[in-house]
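A short worksheet on the structure shown next.
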Amino acid sequence: QVQLVESGGGLVQAGGSLRLSCAASGLAFSRYAMGWFRQAPGREREFVIAISWSGDITYRAGSVKGRFTISRDNAKNTVYLQMNSLKPEDTALYYCAARPLATASPREYEYDYWGQGTQVTVSS
């Protein structure tokens, strides 16, 4: 049974930082590209950032360039999202997802497995 469990969300002031983690089990983690998506209240879920299965290629949305970084530790079956210079518009439920291919992708439908999400709230 595949499980993706996000953690690290919380309440932070604008300009602050948070580091999200996503621990995977039940899959060959090093053979999956991983992505982070988010959904704000009343909005569609959107792509944030993704990383290839080897960790050498990343792909990110324009809204987070220069602020968010993704990394992975295949020995720990974990992917991380470092979020700096947070803005109120980053407030959302953040999901990690696993894609059974090598390359990072912004396309939601290409991801087979999803976590339950972790809430990030940025106050102004």
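The values are calculated or read from the model by the stated rules, or taken from the named source; none is laboratory data. Quantities reported herein were computed from a predicted structural model and do not represent experimental measurements. Every residue, glycine among them, receives a Cβ derived from its backbone with ideal geometry; neighbour counts consider all protein chains shown. Heads up: the accessible areas ignore ligands, DNA and RNA and are worked out on the full protein's heavy atoms, side chains in. Shrake-Rupley method; radii C 1.70, N 1.55, O 1.52, S 1.80 Å.
Worth a mention:
- Close amide H contacts of Y113 (hydrogens built in the peptide plane, cut-off under 5 Å, sequence separation of 5 or more or a different chain): A98.
- At full extension, N74 and S30 could sit 15.3 nm farther apart than now, given 0.36 nm per residue minus the alpha carbon distance.
- Distance between modelled label sites at V5 and Y109, nm, 7 Å Cα→Cβ extension: 3.3 nm
- D (Stokes-Einstein, µm²/s), Kirkwood Cα radius, the stretch 1-70, 0.890 mPa s at 25 °C: 179 µm²/s
- Take the Cα radius of gyration of the chain and divide it by 2.2 N^0.38 Å, N being the number of residues; the result is 0.97.
- The stretch 65-109 residues near the modelled D56 label - backbone nitrogen below 13 Å, point 7 Å along Cα→Cβ: 103
- Across the alpha-carbon atoms of the stretch 73-124, the computed radius of gyration and Dmax are 13.2, 39 angstrom.
- Protein heavy-atom surface of the chain, 1.4 angstrom probe: 46% of the accessible area is carbon and sulfur, with nucleic acids and ligands not counted.
- Whole-number percent relative contact order across the chain, with pairs defined as alpha carbons under 8 Å at least 6 apart: 36 percent
- With the highest mean first, a sort of the peptides 16-22, 42-48 on other beta-carbon atoms found within 10 angstrom per residue produces 16-22, 42-48.
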